[in-house]
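Here's the structure we're looking at; comments come further down.
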Amino acid sequence: MVVLAASIVSKSGKVLVSRQFVDMSRIRIEGLLAAFPKLIGSGKQHTYVETENVRYVYQPIEALYLLLVTNKQSNILEDLDTLRLLSKLVPEYSFSLDEEGICKHAFELIFAFDEVIALGHKENVTVAQVKQYCEMESHEEKLHKLVMQNKINDTKDVMKRKASEIDKSKIEKNRGDKGGFGSLQSMGSGRIESSFSDLSISSNGAGFGGGSGFGLNSDVDSFSTKPKARPPPSSTSAPPKGLGMKLGKSQRTNQFLESLKAEGEVIHEDIQPKLGQSRSAAPPLSDPITLTVEEKINVALKRDGGVSNFDVQGTLSLQILNQEDGNIQVQVQTGENQAISFKTHPNMNKELFANESILGLKDPSRPFPTGQASDAAGVGLLKWRMQSTDESMVPLTINCWPSTSGNETYVSIEYEASSMFDLQNVVISVPLPALREAPSVKQIDGEWRYDSRNSVLEWSVLLIDNSNRSGSMEFVVPQADSSAFFPISVRFMATETFSDLKVMNIIMLKGGNPPKFSQRTQLITENYQVV
């Protein structure tokens, strides 16, 4: 008693859209749909026709047929109700009810059919509910786009740093070339002015991501950092040969950008500042020094209370963009958590850290690695770990109470968050037994989504702070065993850590003012479950 397929066919028998809800071969469904126009008699008012094996329940829609292929044991009244609901949905997604309009919106129609029929049986939904379900935002899609954008941004930063390093090395090489000075002095002032003008024109829109091409950005930076607005014609800051090479590279960069855009990549281009402007007028690409504090938490909570596993592992990473900033030491301040044990990198001065909380290399003459580090996260300086069985240290506890009444199981879930952290993007995933329909959510603090493919109910809260340290959700499913709702998985992130590690100062070993630095702090879940 199931619907085998829902299809839209032309009156000549051409299949426009077909969605199968049982395991059927393509040849079989194509044969069934090809036989349908031959079975319809002229002048008959019936809305169904039967063969030896299947029943066709259909409804004309202008020049097309909306068709349900069912087995002969299926309830025809329920099939007619399903057909009426589908006939209301088709105009909602395809405004022109012809072959071109149906084919243009084929995927939207298939998604709508899936919301109406599941495993061959009609879902208890309305047209408004189907439209709402199809338009709902996906947390996984947002997260995937965010991760992809972060990867793109990281790649752009790496490209800019490497391009800057290549250009600096070439400038240094050209400065040591004696022939370059003579060739520059032999040029007239008009040619130099035109070279600068060409460079400024070619810099507009020639950037990758931030607006700077391979080799072009470092030239603009090197000129704009000079105290004078523009060098005189007799200046020997760079030979014209280098400028010509860099202009050619920017053209190749444009071609590379165009190919990326053709493949669907989104390239954000910034307007490059003019040569006569000071460097302060342009926004910095990135801080010269970045320190990242990251902690990963692994927790296994018992469903009846208590902690079976609690493990926190943290790292402090250093990322330096410029080579001249490599001879530094980092002064940090640790929190008052005595349960945390710190361990420095083998190349670090352990006594210096133990006595003065300063992270520096054993050999002070050696600089830290710069932008050419082994990974985008930088160089690891410090690691720490904390293990405990104290439930009060857990940032988020989950209580699940399933209870059976008649043929239904009522599940009440409650979360309680510690006041130590404000948690962001909290998602509590509750496994469910295989269901024909979505669970009935009676009460919830936050939002919920049912993943029918994995049979998981996801309870999401964007932010847990002092205004909502506790929350609850209650839903109803058909009768099921209490173990079917475990293990419950949790994921979240926070901008505070257990170690409360803070970077206080950057100490320059060769004198001078310390460069600007930034600190990034995050706590993320690696494996957080209620078992």
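The figures follow:
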| quantity | calculated |
| --- | --- |
| Of K145/K296; K350/K383; K122/K442; K160/K383; K170/K362; K131/K442, those spanning more than 24 Å from alpha-carbon to alpha-carbon | K160/K383; K170/K362 |
| Approximate shape of the stretch 5-74 as ellipsoid semi-axes (Cα gyration tensor, √5λ), whole Å, largest first | 18, 14, 11 |
| Geometric extent, Cα atoms of the stretch 285-530 - Rg, Dmax (angstrom) | 22.7, 78 |
| For E408, residues with placed amide H under 5 Å, excluding near neighbours | Q479 |
| Check: the stretch 427-531 dipole with +1 on Lys, Arg Cβ and -1 on Asp, Glu Cβ, in debye | 560 |
| Residue-wise HN-Hα coupling along the stretch 23-29, computed from phi with Karplus coefficients 6.51, -1.76, 1.60 (Hz; x: Gly, Pro) | 6, 9, 7, 5, 5, 5, 5 |
| Size of electric dipole in the stretch 285-530: Cβ of Lys, Arg +1 and of Asp, Glu -1, about Cα centre, debye, nearest 20 | 660 |
| Sequence-distant aspartates and glutamates (8 or more away, or on other chains) whose Cα lies within less than 19 Å of K173 | E165, D219, D221, E324 |
| √(5λ) per eigenvalue of the Cα gyration tensor, the stretch 3-135, largest first, Å | 21, 17, 14 |
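Taken together, the values in this text are just the output of simple stated rules run on the coordinates, not laboratory data. None of the values given here were measured: they were computed from a predicted structure. With ideal geometry, Cβ positions are generated from the backbone for all residues, glycine too; neighbour counts draw on all protein chains shown.
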